[in-house]
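One structure is given here, and the rest of the page talks about it.
The values are calculated or read from the model by the stated rules, or taken from the named source; none is laboratory data. None of the values given here were measured: they were computed from a predicted structure. Don't worry about glycine lacking a Cβ; one is built from the backbone with ideal geometry, like all the others, and counts go over all protein chains shown. Ligands, DNA and RNA are stripped out before the accessible areas are found, and what is left, the full protein with its side chains, is counted by its heavy atoms. Shrake-Rupley method; radii C 1.70, N 1.55, O 1.52, S 1.80 Å.
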Amino acid sequence: MSKTIFVLNGPNLNMLGKREPGIYGGKTLADVEADCLKAGAELGLDVDFRQSNHEGDLVSWIHEAGEKAVGVAINAGAYTHTSIALHDAIKAVSPLPVIEVHISNVHAREEFRHKSMIAPACKGVICGFGPQSYILALQALKTITQ
Ligand code: CA2
């Protein structure tokens, strides 16, 4: 039976490929979703890929993952750096493994991006590999959930 992984995306990630290609590359979020579905199929994972600009949607989806998924990869966008609500939601579904994902290397950018509110609640963090960060997270989830 295929295992379900939620891949969650936060604010402004719907703009991928449309603005700031120097930082985030040229792929759209639809391209990233297609890559994740393909990698998921190869890994035997059923990927449920979502994006919202609203913090509460992400909180509710993490709770839903606690019922339906074996793991979560989350690019929480700027909420990474601000959201105690997301930290608490990840803690609330423990021990479900949640991996924090970023396209850019947040540590090579502005200081306000160096702090993550969610990293202490997550299993691990992958950043700086462009859209490949998502695939690395799926590979890690495959390994730690088998
Ligand atoms: O590098 C990442 O994946 C980030 O999570 C992206 C967030 C940023 O706030 C984090 O610090 C790092 C921003 C996503 C916004 O994406 C855009 C894409 C194209 C144009 C404008 C924004």
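Within segment 37-58, the residues that satisfy the criterion of being surrounded by fewer than 18 Cβ atoms within 10 Å (Cβ to Cβ) and more than 16 Å from the ligand (Cβ to nearest atom) are L37, K38, A41, E42, G44, D46, G56. The residues listed here are I74, I62; of these, the one that is part of a helix (DSSP H, G or I) and either open to solvent by less than 50 Å² (accessible area, probe 1.4 Å) or on the phi > 0 side of the Ramachandran plot (or both) is I62. State whether the residues of segment 125-143 include one that is at pLDDT 95 or above, farther than 22 Å from G25 by Cα and assigned to a loop (DSSP other than H, G, I, E, B). Within segment 125-143 (the criterion being at pLDDT 95 or above, farther than 22 Å from G25 by Cα and assigned to a loop (DSSP other than H, G, I, E, B)), the answer is no, since none of the residues qualifies.
Looking only at residues in segment 77-92 that are more than 16 Å from the ligand (Cβ to nearest atom) and not charged (D, E, K, R), which one is farthest from V7 (Cα to Cα)? Selected residue: I84. Take segment 96-124 and flag every residue that is near the ligand (Cβ under 9 Å from one of its atoms), open to solvent by 30 Å² or more (accessible area, probe 1.4 Å) and not in a helix (DSSP H, G or I). Hits for segment 96-124 are N105, R109, E110. F129 - would you say it is aromatic (F, W, Y), under 15 Å from the mean Cα position of the chain (by Cα), open to solvent by 30 Å² or more (accessible area, probe 1.4 Å) and within 16 Å of the ligand (Cβ to nearest atom)? Spelling it out, F129 is indeed aromatic (F, W, Y), under 15 Å from the mean Cα position of the chain (by Cα), open to solvent by 30 Å² or more (accessible area, probe 1.4 Å) and within 16 Å of the ligand (Cβ to nearest atom). The single condition from (1) charged (D, E, K, R); (2) more than 10 Å from the ligand (Cβ to nearest atom); (3) in contact with a Ser or Thr (Cβ under 8 Å, 6 or more places away or on another chain) that K18 fails is (2).
Look at A34 and say whether it is assigned to a helix (DSSP H, G or I) and open to solvent by less than 30 Å² (accessible area, probe 1.4 Å). The answer is no for A34. Taken as a whole, the condition of being free of Cβ contacts under 8 Å to residues at least 40 places away in the same chain, hydrophobic (A, V, I, L, M, F, W, C) and closer than 17 Å to L141 by Cα applies to A119. One residue stands out in segment 137-146 among those that are touching a residue at least 24 places away in the same chain (Cβ under 8 Å) and surrounded by fewer than 17 Cβ atoms within 10 Å (Cβ to Cβ): the one that is nearest to the ligand (Cβ to nearest atom), namely Q139. Residue-level check: of (1) within 12 Å of the chain's Cα centre (by Cα); (2) under 20 Å from A140 (Cα atoms); (3) surrounded by 18 or more Cβ atoms within 10 Å (Cβ to Cβ), A69 misses just (1).
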